[in-house]
Amino acid sequence: QDSQSRLSGLKLSGDQPIQIESDKLEVRESENLAIFTGNVSVTQGPTVMKSGKMTVYYAKDGGSAATGSANIDRLEVDDKVYVKSDKQVATGDRGTFDMKTEVLVMSGKEVVLSEGDNVLVGCKLTVQMKTGLAQVDGCNKGTKGNGRVMMSITPGSQKK
Amino acid sequence: MARPIETSGGGSGVAVDTAIALATSRADAFDLAARHSRRVRFLKLALPLAAVALAVLFGGYTYLAAPPSIQVKAEGAAFSEGKLVMAKPQLSGFTRDNLPYSMTADRAVQDPANQGVVELLGIDANLPISADNIAKVDAVRGIYDREGNTLNLTEQVIVKTSDGMVAKLKSAYLDMGSGAMKSDEPVEISLDGSKITSDSMSMLDNGKVVVFEKKVRVDIDPARMKAAQNGSGGGSAAN
């Protein structure tokens, strides 16, 4: 079973400047992709994403991967993912972000979504970045998880 | 090898029409120095300017496998301090895909004792990337090594392409044989509102792979990018 919460902060707005930093960037023009590795951090407005590695897949049609101006198809983030925005923080092992559907999916042995003291733990977090609607799915039985999402709500935190 | 003849004054405009090993007999030397002709015939010497032009094309844009047709001109060459100094060497030709390219330098200096190396000062090249995209390359100074087929641009290099990309490098080392380029100093590449900076960069395999390292930072300004992309298509001045 899953549970939903509104991740209002976690929105990627289309035209706010984005800043990406990393130790290394490899652009493979013919494969239309760019691989950031080492202390990768992506910032847009209040939203920050950090990970060990991020691969950017460019749409085939225009711009050039070498200067980052091509339009981006999707991002794949690996090696531990941390996403923070306003009040919410989400962590997991990997993540993918589809720029067209604007859906962020984070997965891993333990995906944690927390807002203040409220914590949701499961194996998959899906966030509709347009609306901020986040859904955490439990670990399915196969991975000895019990399929349920652990949720802890700290009394009193609702009254904030 | 005959010691190069010191010519007094080293005036320009000396017509040079034989291979660089000019130090023929003493009489010829006087004759060359004495003759004063504005019109400079093509240099038969295959000063490796042709290769230098190819080299100034960054790895990403080199596409010159077959030797293109080349024209070498210079406003004048003279000996000074034992070196052959050529004023305003110009080089133009056509690439494999029949696109015109040209390169000039303020001066080309070659030591007859070491003809494998040419020093170029004030390099200015127009190199076509595609039919409608020309790269204008300005490099303060470059050392071309013929055997190694390498060009070491030891000072600032600025590349501007007609599609609006601007690349600024403090230096760049080009290995034309393998189509590789490397710079161990800060680089900045910008286009249509997106910019990449890092403290080192290398280009492999004729630009198919470009690697930025050390403090890589990419700034993307989607609003400006959209404006540029549907505006005049990249004509906007990069920041």
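For this structure, a couple of remarks:
- Close contacts from the stretch A:27-55, counting a first residue that is free of Cβ contacts under 8 Å to residues at least 12 places away in the same chain and at the interface with another protein chain (Cβ under 9 Å from one of its Cβ atoms) and a second that is surrounded by fewer than 18 Cβ atoms within 10 Å (Cβ to Cβ) and among the charged types (D, E, K, R), with Cβ to Cβ under 8 Å and a gap of 6+ residues or different chains, come to A:Ser30/B:Lys208.
- Residues in the stretch B:181-228 that are hydrophobic (A, V, I, L, M, F, W, C), open to solvent by less than 30 Å² (accessible area, probe 1.4 Å) and not in a strand (DSSP E or B): 2 in all.
- Test: residue in the stretch B:142-161 that is open to solvent by 20 Å² or more (accessible area, probe 1.4 Å), in a loop (DSSP other than H, G, I, E, B) and at positive phi: yes
- Residues of the stretch B:165-200 that are out of contact with any helix residue (DSSP H, G or I) (no Cβ under 7 Å at 6 or more places or on another chain), closer than 23 Å to B:Gly142 by Cα and at the interface with another protein chain (Cβ under 9 Å from one of its Cβ atoms): B:Ala167, B:Ser198.
- Candidate set: the stretch A:100-130, residues that are open to solvent by 40 Å² or more (accessible area, probe 1.4 Å) and in contact with an Asp or Glu (Cβ under 6 Å, 6 or more places away or on another chain); chosen: the one nearest to A:Ile72 (Cα to Cα): A:Lys130
- Filter result for B:Ile129 (in a strand (DSSP E or B) and open to solvent by 10 Å² or more (accessible area, probe 1.4 Å)): yes
- Residue within the stretch A:87-95 that is more than 27 Å from A:Ser152 (Cβ to Cβ), open to solvent by less than 40 Å² (accessible area, probe 1.4 Å) and at pLDDT 85 or above present: no
- Of the residues making up the stretch B:94-109, those that are out of contact with any helix residue (DSSP H, G or I) (no Cβ under 7 Å at 6 or more places or on another chain) and farther than 13 Å from B:Gly142 by Cβ number 8.
- Just one of the listed residues (B:Gly179, B:Gly116, B:Gly193) is at pLDDT below 90, within 30 Å of A:Gln19 (Cβ to Cβ) and of a type outside the set (Val, Ile, Thr), and it is B:Gly193.
- Members of the stretch B:162-176 found to be within 20 Å of B:Ile123 (Cβ to Cβ) and in a loop (DSSP other than H, G, I, E, B), listed by number: B:Ser162, B:Met165, B:Lys170, B:Ser171, B:Met176
- Unique residue being of a type in the set (Gly, Ala, Ser) and either at pLDDT below 85 or part of a loop (DSSP other than H, G, I, E, B) (or both) when the list is B:Ala139, B:Ala65, B:Ala108: B:Ala65
- Strands (runs of 3 or more DSSP E) lying entirely in the stretch A:17-71 (those with 2 or more residues that are modelled with pLDDT of 85 or more and small (Gly, Ala, Ser)): A:33-44, A:47-58
The values are calculated or read from the model by the stated rules, or taken from the named source; none is laboratory data. Everything numeric here is computed off the predicted structure, so don't read it as measured data. Reconstructed Cβ throughout: ideal geometry from the backbone, glycine too, with neighbour counts over all protein chains shown. Side chains are part of the model used for accessible areas, which takes the heavy atoms of the whole protein and leaves out ligands, DNA and RNA. Shrake-Rupley method; radii C 1.70, N 1.55, O 1.52, S 1.80 Å.
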